[in-house]
Amino acid sequence: MKKILAILILILSFFILYFLQANFFTWFTIAGVQPNLFVLFILFVGLFAGKKLGLILGIILGFYMDVIIGRQIGISGIMLGIIGLIGEYLDKNFSKESRVTIMLMLAGCTIIYEVGCYVFNVITLSVNIEVLYFIRILCIEVIYNLILVIVLYPLLQKLGHVLEETFKTKNILTRYF
């Protein structure tokens, strides 16, 4: 029951992030670039809740975003699912207690997500390749995401420990005879 409640809260959090991304951060752009809150969210879920939930939520919520935003259906779901898997891998190999480590994880995942989406769009839509323009936008987005992590780190850490306790601890009751 506790896991179902946590999943419902995560889905509600996604809709709040979607509202912030679509409305609030359109006013606060840096050179016309918004942060990508969804990469932060799915990485957070992958790190603290595990790869199964990170993968499933990444795919489902990414497909939902594609349908709502009207882009090609599938690429956001695939890329966010990959970010969920990467989150679990990073959890096993690196510490989540350091702010710098979380920042490096987010920077890497943002780059993977944006490069994957860009390559997919170049292949499927026959878009002209503009590497310098893409790198400029990517750098601004990574910096913007890192600023958000610096500000939100204490909250993310507390919520992450609650998620980790809910999804990763095994409560085994032993019976002695």
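Tabulated data for the structure shown
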| quantity | calculated |
| --- | --- |
| Selected residue [basic (K, R) and without any contact (Cβ under 8 Å) to a residue 40 or more places away in the chain] from K168, K158 | K158 |
| Subset tally (residues that are assigned to a helix (DSSP H, G or I) and either small (G, A, S) or in contact with a strand residue (DSSP E or B) (Cβ under 6 Å, 6 or more places away or on another chain) (or both)) for the stretch 107-154 | 7 |
| The stretch 82-96, subset among the charged types (D, E, K, R) and part of a helix (DSSP H, G or I), residue farthest from I111 (Cα to Cα) | K92 |
| V122, sole failed condition from (1) without any contact (Cβ under 8 Å) to a residue 24 or more places away in the chain; (2) surrounded by 14 or more Cβ atoms within 10 Å (Cβ to Cβ); (3) in contact with a helix residue (DSSP H, G or I) (Cβ under 7 Å, 6 or more places away or on another chain); (4) of a type in the set (A, V, I, L, M, F, W, C) | (3) |
| Identity of the residue in the stretch 67-93, of a type outside the set (S, T, Y), modelled with pLDDT of 85 or more and closer than 16 Å to E164 by Cα, that ends up surrounded by the most Cβ atoms within 10 Å (Cβ to Cβ) | G84 |
| Neighbours by Cβ (under 7 Å, 6+ apart or cross-chain): first from the stretch 5-21, surrounded by 13 or more Cβ atoms within 10 Å (Cβ to Cβ); second in a helix (DSSP H, G or I) and not hydrophobic (A, V, I, L, M, F, W, C) | A6/T166 |
| Filter result for the condition that a residue is surrounded by 14 or more Cβ atoms within 10 Å (Cβ to Cβ), touching a helix residue (DSSP H, G or I) at 6+ places or on another chain (Cβ under 9 Å) and of a type in the set (A, V, I, L, M), over I129, I150, I140, I102 | I102 |
| Selection within the stretch 121-174 - of a type outside the set (D, E), at pLDDT below 90 and over 30 Å from L5 (Cβ atoms) | N121, V122, I123, T124, L125, S126, V127, N128, I129, V131 |
| First in the stretch 106-117 and buried (at least 17 other Cβ atoms within 10 Å of the Cβ), second anywhere and part of a helix (DSSP H, G or I) and not aliphatic (A, V, I, L, M), Cβ under 7 Å, 6 or more apart | L106/N145; T110/E141; T110/N145; E114/E141 |
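So that you can scan it fast, the table gives a plain yes or no per residue for (1) buried (at least 20 other Cβ atoms within 10 Å of the Cβ); (2) farther than 15 Å from G87 by Cα; (3) more than 13 Å from the chain's Cα centre (by Cα); (4) not hydroxyl-bearing (S, T, Y):
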site	(1), (2), (3), (4)
V33	no, yes, yes, yes
V39	yes, no, no, yes
I59	yes, no, no, yes
Y64	no, yes, yes, no
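The values are calculated or read from the model by the stated rules, or taken from the named source; none is laboratory data. Because the structure is a prediction, the values reported are computed rather than measured. So basically every Cβ, Gly included, is an ideal-geometry build from the backbone, and we count neighbours across all protein chains shown.
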